[in-house]
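The values are calculated or read from the model by the stated rules, or taken from the named source; none is laboratory data. No experiment lies behind these values; they were computed from the predicted model shown. When we count neighbours, we look across all protein chains shown, and the Cβ atoms used for this are built from the backbone with ideal geometry, even at glycine. Note: accessible area is taken over every heavy atom of the protein model, side chains too, but ligands, DNA and RNA are not part of it. Shrake-Rupley method; radii C 1.70, N 1.55, O 1.52, S 1.80 Å.
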Amino acid sequence: SVARALLDEADTLAAAGKYDEAVRLLLHRSVEDIERWRGDPLRPSWTSRDIARIDALPDTARTVFSRIVADVERSLFAGHPLGEADWTRARADYAGFALGR
């Protein structure tokens with residue numbers, strides 16, 4: 001499946017200690033998942049926070065997506081590198097949602 005292939009790619013990044021990149025990959029994939037679920041493209045001007053506030057987004061999806069967004073923001077904008085624990089949680093969140101586990 002596409003989700004499993006993505007997780008394999010993200011696992012490779014994480015195994016190399018590139019946790020920030022691995023979690024960012026999950027974020028980008030989550031945006032694609034949300035677009036596919038909605039059946040239409042998201043507005044290019046929308047931020048990840050805007051996407052997390054979509055009313056029709058199920059609570060579980062919103063929670064998972066919001067946590068991944070917060071991790072990426074902390075890493076990318078606040079300059080706080082993500083660690084293995086951050087990666088492990090983000091991966092479990094994404095896998096649980098995308099693979100139904």
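A few comments on the model shown:
- Only helices reaching 18 angstrom along their own axis (Cα) with mean Kyte-Doolittle hydropathy no lower than -0.5 count here, and for the DSSP H runs of the chain these are 2-15, 59-76.
- Placing a pseudo-label 7 Å from each Cα along the Cα-to-Cβ vector at residue 70 and residue 40 gives an inter-label distance of 3.1 nm.
- Per residue accessible area of segment 2-61, 1.4 Å probe, in Å²: 61 Å²
- Build a GNM of the chain with springs between Cα atoms under 10 Å apart, and of 40, 20, 11 the one that fluctuates most is 40.
- The chain - percent relative contact order, Cα under 8 Å, separation 6 or more: 39 percent
- When the solvent-accessible area of the chain is split by element, carbon and sulfur atoms take up 53 percent of it, the probe being 1.4 Å.
- The percentage of C-alpha pairs in the chain whose separation is greater than 22 Å is 25%.
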